[in-house]
Amino acid sequence: MSTNFDGLQAQFENEVASVADAESLRALRDRWLGRKAGLVTDVRKQMGSIPAGDRAAFGKAFNALQQVVETGLERVGQELSQRENSALIERETLDVTLPGRDVTMGHEHPVTILRRKIEDIFVRMGYSVEDGPEIETTFFNFDALNIPEGHPARESQDTMYVSEDLALRSQTSTVQIHAMQRRTPPLRVIAPGRVFRRDTPDATHNPMFFQVEGLNVGEGITLADLRGTCEEFVRQLFGAEAPVRFRASYFPFVEPGCEFDYQCFVCKGDGCRVCKGSGWIEMGGAGMVHPQVLRTAGIDPELFSGFAFGFGIDRLAARQFDLDDIRLLYSNDLRFLEQF
Ligand code: FA5
């Protein structure tokens, strides 16, 4: 018998001991039991050429080798799958006694808090909340608002242009036009949103800030309605009787135009650091919608009149939350923002 069965068995034991994963086990099985070129298969093929007298011994030795190879492969296969199961159990074990992870809660930005409060006040007064684009064409930014060619507001020192006839809106008054084009009188809308100006940042200026526009168009709307609305708004916002003052002013899209102030809630009109000694705090601009603006937006000024107002939310937030510098609002300082 020329086949070295002991040598083959030792060689198999050696190889099977170094199997580390399913892949090498598969390769080892092919190498030993593969149908075409497996080492055990090769030995079986020799059977026919073994002299009849030796055949029984050869067969016995062959069976023993085959048995060793098959059980060896089987054993290592089981070990591997056991090892894999234990690793899986370890990986997926859930310790239900561990304390839960804290969920970090976000904070609403102070401007958002105030904007929502303003929206609530006006919605209770029968206004709906309107939205408009932050990038506007020259028509909505200037022409429709009766701002003539050559007006300083059109200059690139004041307005942030995106292209020759597109610019970031510098006031929410642009939404007046969208609202009048979308709806028919009587209409009452407010439009809170971001506006952009080439203003140098300081304690009361940011190049990006929030305004809220108000527009009320219908039959027989007068300045008295504007005044009553603003007074009621201030009363609801500050929770107490807070007198409002109107001063004549000019905005091309209203006639007459005014600016309105509310009495300083710190000194009650005597003059202090907060109101810079005047007793009043500026809230924004307002006026009766210019007939030309109504006409451009498709509303007949012979039948309808309206008032509009626009005020800065950031400065109101400064008053509401006692801030002495509105730049804090956009400083992204979590120590500041987490207080709200
Ligand atoms: C206007 O923007 C007019 N559109 C208001 C208006 C609406 C008039 C409807 C008539 C009819 P003004 O430029 O004054 O007006 O701005 C209004 C408010 O925005 C100011 O009172 C102020 O509170 C705020 N504001 C203006 N510039 C800044 C700035 N750079 N940073 C923060 N707040 C600002």
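Miscellaneous remarks
- Screening the chain for whole DSSP H helices of 24 Å or more along their axis (Cα) with average Kyte-Doolittle hydropathy at least 0.5 returns none.
- Springs between Cα atoms under 10 Å define the GNM used for the chain, and in it the highest mean-square fluctuation of V289, V162, V254 occurs at V162.
- When the helices of the chain are scored as -39500 (n - 2.57) per DSSP H run of n ≥ 4 and the total is divided over every residue, the value at 222 nm lands at -12500 deg cm²/dmol.
- Loop-resident GluC sites (Glu not before Pro) (DSSP state other than H, G, I, E or B) in region 237-295 with no more than 13 further Cβ atoms inside 10 Å of their Cβ: E241.
- Per-residue Cβ neighbour rank within 10 angstrom, fewest leading, L323, L334: L334, L323
- This model, with +1 at the C-beta of Lys and Arg and -1 at the C-beta of Asp and Glu, gives the chain a dipole about its Cα centre of some 860 debye.
- In a reduced charge model with +1 at each Lys and Arg Cβ and -1 at each Asp and Glu Cβ, region 232-328 shows a dipole moment near 220 debye about its Cα centre.
- Assigned charges on the beta-carbon of Lys, Arg, Asp, Glu; region 26-120 dipole about Cα centre (debye): 740
- Eligible lysines near K276 by straight Cα distance, threshold 17 Å, same-chain separation 8 or greater: K268
- With the alpha-carbon atoms of region 1-115 aligned to their principal axes, the span from lowest to highest coordinate is 104, 30, 17 Å, starting with the largest.
- Calculated from backbone phi, Karplus (6.51, -1.76, 1.60) coupling profile of region 330-340 in Hz, x at Gly/Pro: 10, 7, 6, 8, 4, 4, 6, 5, 5, 7, 9
- Set of lysines with alpha-carbon distance to K36 below 25 Å, sequence-local pairs under 8 removed: K45, K60
- Across the chain: Cys residues that no other cysteine approaches within a C-beta distance under 4.7 Å: C230, C258
Taken together, the values in this text are just the output of simple stated rules run on the coordinates, not laboratory data. Predicted model only: the values in this text are computed from it and were never measured. Virtual Cβ from ideal backbone geometry, glycine too; neighbours counted across all protein chains shown.
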